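Q: Please find one structure pasted underneath; my questions will follow.
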Amino acid sequence: MAKWIFEPGHSAAEFAVRHMMVSYMRGLFKNVRGRIDFDPDNPAGAAAVEATIDAAAIWTGDDARDAHLRDADFLNVAAYPDIAFSSTGVRCTGEADFQVTGDLTLRGVTRPVALAARYLGRWQCPYWDGDKDLGPTLRIGFVATTAINRHDFGVNWNAPLDRGGRVVGDEIAITLDVEAILESDMQRIAGMLRGQ
């Protein structure tokens, strides 16, 4: 089974939640780390994925809001620095589509989730370190979506609005963009970088 390592600079988790009853607030975690076991030549075969997000790296474009999201009202990053996902099953649902089930751990609470994932393909690409090409690397890409109820993970802060409204909605829509490099290519690149 081919093993692939997330390329952190090109992998991200985006989220969206209703805000003030009338719009969506969107945010982003960059530098998602993880690994995938996947055979592009046999996509319906066994597969697995593990991913870790640095919770403190949350970014919504507003420094004060980001600080609030990091504190105990929301992510409580001082006590729970990582958000983690570990697959428990992968089922092929179409030519390039999959259902990925697994355990999501957020704020120390682990719950099962299901993601709808699409395989975007495989390509051989250069690996640049500054202006130096360190040679070809084989890459694959996926996009996956899911939705969670934040209260299932103990993220309960809210503030009331008139007529029974709330500042923050309950459902969080999540989109994961993953670009991964073949593990043997990544090891070769890491060795070249160590030798510089």
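Q: Can you tell me which residue within region 144-159, out of those that are among the β-branched types (Val, Ile, Thr) and out of contact with any Ser or Thr (no Cβ under 7 Å at 6 or more places or on another chain), is farthest from Glu183 (Cα to Cα)?
A: To start, the set of residues in region 144-159 that are among the β-branched types (Val, Ile, Thr) comprises 145-146, 148, 155.
Cutting the leftovers down to out of contact with any Ser or Thr (no Cβ under 7 Å at 6 or more places or on another chain) gives us 146, 148, 155.
On the way: Thr146: 27, Ile148: 31, Val155: 36 Å.
Among those that are among the β-branched types (Val, Ile, Thr) and out of contact with any Ser or Thr (no Cβ under 7 Å at 6 or more places or on another chain), it is Val155.
Q: Given the condition in contact with a Pro (Cβ under 8 Å, 6 or more places away or on another chain) and in a loop (DSSP other than H, G, I, E, B), answer yes or no: does some residue in region 60-74 qualify?
A: Step one: of region 60-74, the residues in contact with a Pro (Cβ under 8 Å, 6 or more places away or on another chain) are none.
No.
Q: Could I ask something else about it? Being among the hydroxyl-bearing types (Ser, Thr, Tyr), farther than 22 Å from Glu171 by Cβ and surrounded by 16 or more Cβ atoms within 10 Å (Cβ to Cβ) is the filter here, so list the residues in region 88-129 that pass it. Quick ask: steps written out before the conclusion?
A: The first filter runs over region 88-129 and keeps only residues among the hydroxyl-bearing types (Ser, Thr, Tyr), leaving 88, 93, 101, 105, 110, 119, 127.
Imposing the further condition that a residue be farther than 22 Å from Glu171 by Cβ reduces the set to 88, 93, 119, 127.
Passing the criteria: Tyr119, Tyr127.
Q: Oh, and also: Kindly indicate whether Thr145 is surrounded by fewer than 18 Cβ atoms within 10 Å (Cβ to Cβ), modelled with pLDDT of 95 or more and either of a type in the set (Gly, Ala, Ser) or over 13 Å from the mean Cα position of the chain (by Cα) (or both). Working first, answer last.
A: Values: surrounded by fewer than 18 Cβ atoms within 10 Å (Cβ to Cβ): yes; modelled with pLDDT of 95 or more: yes; either of a type in the set (Gly, Ala, Ser) or over 13 Å from the mean Cα position of the chain (by Cα) (or both): no.
Criteria not met by Thr145.
Q: Mind counting the residues in region 19-61 that are more than 19 Å from Thr110 (Cα to Cα) and aliphatic (A, V, I, L, M)?
A: Going through region 19-61, the residues more than 19 Å from Thr110 (Cα to Cα) turn out to be 19-31, 35-47, 57-61.
If we keep only those that are aliphatic (A, V, I, L, M) too, we end up with 20-22, 25, 28, 36, 44, 46-47, 57-58.
Final tally of qualifying residues: 11.
Q: Counting only residues that are among the polar types (S, T, N, Q) and not in a strand (DSSP E or B), how many does region 6-34 have? Outline the logic, then answer.
A: Here is the first cut: in region 6-34, the ones among the polar types (S, T, N, Q) are 11, 23, 31.
So of that shortlist, the ones also not in a strand (DSSP E or B) come out as 11, 31.
Number satisfying all stated conditions: 2.
Q: Give region 1-52 a look and list any residue that's in contact with a strand residue (DSSP E or B) (Cβ under 8 Å, 6 or more places away or on another chain) and among the acidic types (Asp, Glu), or say none. Please lay out each step first, then the result.
A: Our first condition is that a residue be in contact with a strand residue (DSSP E or B) (Cβ under 8 Å, 6 or more places away or on another chain); within region 1-52, this holds for 1-19, 21, 24-38, 40, 43-44, 46-52.
Selection gives Glu7, Glu14, Asp37, Glu50.
Q: What number of residues in region 86-114 are hydrophobic (A, V, I, L, M, F, W, C) and farther than 21 Å from Arg139 by Cα?
A: Step one: filter region 86-114 for residues hydrophobic (A, V, I, L, M, F, W, C), giving 90, 92, 96, 98, 100, 104, 106, 109, 113-114.
Those still in the list that are farther than 21 Å from Arg139 by Cα too: 104, 106, 109, 113-114.
Qualifying residue count, region 86-114: 5.
Q: Among the numbered conditions (1) in contact (Cβ under 8 Å) with a residue 24 or more places away in the chain; (2) surrounded by 12 or more Cβ atoms within 10 Å (Cβ to Cβ), tell me where Ala79 comes up short.
A: For Ala79, the exception is condition (2).
Q: Leu138 is checked against (1) surrounded by 16 or more Cβ atoms within 10 Å (Cβ to Cβ); (2) within 19 Å of the chain's Cα centre (by Cα); (3) without any contact (Cβ under 8 Å) to a residue 60 or more places away in the chain and fails just one. What number does that condition carry?
A: Condition (2) is where Leu138 drops out.
Q: Are any residues in region 111-140 touching a helix residue (DSSP H, G or I) at 6+ places or on another chain (Cβ under 9 Å) and within 18 Å of Ile53 (Cα to Cα), and if so, which ones?
A: Arg111
Q: Only one residue in Gly154, Gly164 is out of contact with any strand residue (DSSP E or B) (no Cβ under 9 Å at 6 or more places or on another chain), on the phi > 0 side of the Ramachandran plot and either buried (at least 18 other Cβ atoms within 10 Å of the Cβ) or not basic (Lys, Arg) (or both). Which one? Break it down stepwise before answering.
A: Numbers: Gly154 fails: out of contact with any strand residue (DSSP E or B) (no Cβ under 9 Å at 6 or more places or on another chain).
Sole residue among the options that is out of contact with any strand residue (DSSP E or B) (no Cβ under 9 Å at 6 or more places or on another chain), on the phi > 0 side of the Ramachandran plot and either buried (at least 18 other Cβ atoms within 10 Å of the Cβ) or not basic (Lys, Arg) (or both): Gly164.
Q: Determine whether Gly9 is among the small types (Gly, Ala, Ser), surrounded by 14 or more Cβ atoms within 10 Å (Cβ to Cβ) and under 17 Å from the mean Cα position of the chain (by Cα).
A: Working: among the small types (Gly, Ala, Ser): yes; surrounded by 14 or more Cβ atoms within 10 Å (Cβ to Cβ): no; under 17 Å from the mean Cα position of the chain (by Cα): yes.
Judged against the criteria, Gly9 is not a match.
Q: In region 15-37, what count of residues is obtained for those that are closer than 15 Å to Leu115 by Cβ and in contact with a Gly (Cβ under 7 Å, 6 or more places away or on another chain)?
A: Quick first cut of region 15-37, residues closer than 15 Å to Leu115 by Cβ only: 15, 32, 34, 36.
Remaining after also requiring in contact with a Gly (Cβ under 7 Å, 6 or more places away or on another chain): 15.
Adding up the residues that qualify gives 1.
The values are calculated or read from the model by the stated rules, or taken from the named source; none is laboratory data. From a predicted model like this one, the values you see are computed outputs, not experimental measurements. Every residue, glycine among them, receives a Cβ derived from its backbone with ideal geometry; neighbour counts consider all protein chains shown.
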